[in-house]
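Enquirer: Take this structure, written in structure tokens, and hold onto it; I'll ask about it next.
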Amino acid sequence: MSSPRHFVTLLDLSGTEFRNLIRRAGELKRLQPGSEPLKNKVLGMIFEKSSTRTRVSFETAMIQFGGSAIFLSPRDTQLGRGEPIEDSARVLSRMLDCIMLRTHHHETVEIFARHSRVPVINGLTDRFHPCQLLADMQTYFEARGDIGGRTVAWIGDGNNMCQTYVHAAQLLDFKLRIACPPSYAPEPNLIAEAGAQVEVLRDPYRAARDADLVVTDVWASMGQEEERHARAEAFRGYCVDCSVMDVAKPDAVFMHCLPAHRGEEVVAEVLEGPQSLVWDEAENRLHAQKALLELLLLR
Ligand code: CP
Ligand code: NVA
């Protein structure tokens with residue numbers, strides 16, 4: 001049996017594969033659902049954390065492709081009662097055709113993938129959110145063309161989304177300027193691996209100056225709810241407001257993976273404004289993940 005292809009981080013793709021996937025996602029967006037390339041295939045979805053977009057986009061993708069998806073919560077399965085991840089992976093991958101996990105610890109997805117007979121997809125961990133970057137890049141490409149050589153400003157927490165932007169910069173050759181408070185920077189080894197094209201700064205205006213894309217995310221991610229007040233204090237000054245967008249290029253666009261907290265990391269005027277692509281970005285989760293499922297399951 002050949003070993004399955006997993007999608008645990010963005011670096012499981014080459015730059016060429018990433019660009020091909022974006023192109024295919026665009027084609028799938030234009031096509032009406034009709035053919036059923038994943039007929040009789042079943043995707044298992046394990047969610048340790050809440051989700052709206054990830055759950056619905058994967059489930060819809062499977063249904064439109066002629067297959068189906070099963071939602072699995074640790075609360076109602078043996079996963080939540082301490083059955084080892086390795087055992088769960090071995091058992092579930094003998095029944096399912098593909099497994100998506102959203103977990104607290106990134107290591108859980110890595111262990112699961114090592115013991116799975118079928119492709120494993122990272123649906124968000126504390127370190128990375130690669131599915132979101134497929135949609136973000138599709139959205140940028142459809143609005144402004146290839147992102148290679150452009151400048152992206154990340155304002156706020158050096159979190160799972162930020163760290164996935166670091167991987168995307170490496171794969172697609174864009175410059176990434178991250179503005180974050182000192183204790184909230186991305187992991188230093190990731191920045192070092194990315195080389196000169198990724199820069200970590202303090203000042204959001206320096207990061208956003210002449211940027212082509214401005215991106216942010218919540219200040220307290222899932223699992224960090226208790227830090228919310230301390231984080232709100234630390235991130236004061238890191239809100240994407242009109243003054244930040246004003247220093248970016250005139251045709252710059254704004255993105256946010258959602259859910260957003262208006263008045264915290266972004267003001268409503270920017271989120272709802274003409275430069276914001278957030279609704280296309282959310283829709284593209286569906287198209288980009290269809291392209292991913294094709295790549296992993298139909299190769
Ligand atoms: N952006 C994103 O992953 O949204 P959900 O948490 O709703 O899945
Ligand atoms: N950084 C956020 C992303 C949510 C899609 C979190 O992990 O909660």
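The values are calculated or read from the model by the stated rules, or taken from the named source; none is laboratory data. The shown structure was predicted, so the numbers you read here are calculated from the model rather than taken from an experiment. Please note: Cβ atoms are built from the backbone with ideal geometry, for glycine as well, and neighbour counts cover all protein chains shown.
Enquirer: If we only count helices (runs of 4 or more DSSP H) wholly inside region 11-103, which ones have 2 or more residues that are under 28 Å from Q138 (Cα atoms) and within 16 Å of ligand 1 (Cβ to nearest atom)?
Expert: Those helices (runs of 4 or more DSSP H) span 53-64.
Enquirer: Scan region 240-263 for residues that are surrounded by fewer than 20 Cβ atoms within 10 Å (Cβ to Cβ) and either at pLDDT below 95 or away from ligand 1 (no atom under 15 Å from the Cβ) (or both) and jot them down.
Expert: D241, C242, S243, D246, V247, K249, P250, D251, R262, G263, listed by residue number.
Enquirer: Being among the hydroxyl-bearing types (S, T, Y) and more than 12 Å from ligand 2 (Cβ to nearest atom) is the filter; apply it to region 127-170 and report the residue that is surrounded by the fewest Cβ atoms within 10 Å (Cβ to Cβ).
Expert: T151
Enquirer: Of the residues that sit in region 104-126 and are assigned to a loop (DSSP other than H, G, I, E, B) and among the small types (G, A, S), which one is surrounded by the fewest Cβ atoms within 10 Å (Cβ to Cβ)?
Expert: If we take residues in region 104-126 being assigned to a loop (DSSP other than H, G, I, E, B) and among the small types (G, A, S), then S116 is surrounded by the fewest Cβ atoms within 10 Å (Cβ to Cβ).
Enquirer: Oh, and also: Residue check: is R117 over 30 Å from I191 (Cβ atoms), more than 23 Å from the chain's Cα centre (by Cα) and either in contact (Cβ under 8 Å) with a residue 40 or more places away in the chain or within 14 Å of ligand 1 (Cβ to nearest atom) (or both)?
Expert: yes
Enquirer: When region 240-286 is examined, which residues are found to be under 12 Å from G156 (Cβ atoms) and either without any contact (Cβ under 8 Å) to a residue 60 or more places away in the chain or assigned to a helix (DSSP H, G or I) (or both)?
Expert: Correct list: V244, H256, A260, H261, E264, V266.
Enquirer: For the list (1) touching a residue at least 60 places away in the same chain (Cβ under 8 Å); (2) more than 13 Å from the chain's Cα centre (by Cα), I need the number of the one condition that G80 fails.
Expert: Unmet for G80, out of (1) touching a residue at least 60 places away in the same chain (Cβ under 8 Å); (2) more than 13 Å from the chain's Cα centre (by Cα): (1).
Enquirer: Which condition number does A61 fail, the rest of (1) closer than 20 Å to L133 by Cβ; (2) within 15 Å of ligand 2 (Cβ to nearest atom) being met?
Expert: All conditions pass for A61, except number (2).
Enquirer: With the condition kept exactly as written, say whether any residue in region 212-223 is loosely packed, with under 14 Cβ neighbours inside 10 Å and part of a loop (DSSP other than H, G, I, E, B).
Expert: Scanning region 212-223 turns up at least one residue that is loosely packed, with under 14 Cβ neighbours inside 10 Å and part of a loop (DSSP other than H, G, I, E, B).
Enquirer: For region 223-230, check the following and say yes or no: at least one residue is within 22 Å of the chain's Cα centre (by Cα), under 30 Å from G148 (Cβ atoms) and within 14 Å of ligand 2 (Cβ to nearest atom).
Expert: Scanning region 223-230 turns up no residue that is within 22 Å of the chain's Cα centre (by Cα), under 30 Å from G148 (Cβ atoms) and within 14 Å of ligand 2 (Cβ to nearest atom).
Enquirer: OK, next. For region 24-61, give me each residue that is buried (at least 20 other Cβ atoms within 10 Å of the Cβ), hydrophobic (A, V, I, L, M, F, W, C) and touching a strand residue (DSSP E or B) at 6+ places or on another chain (Cβ under 7 Å).
Expert: Across region 24-61, the qualifying residues are L43, M45, I46, F58.
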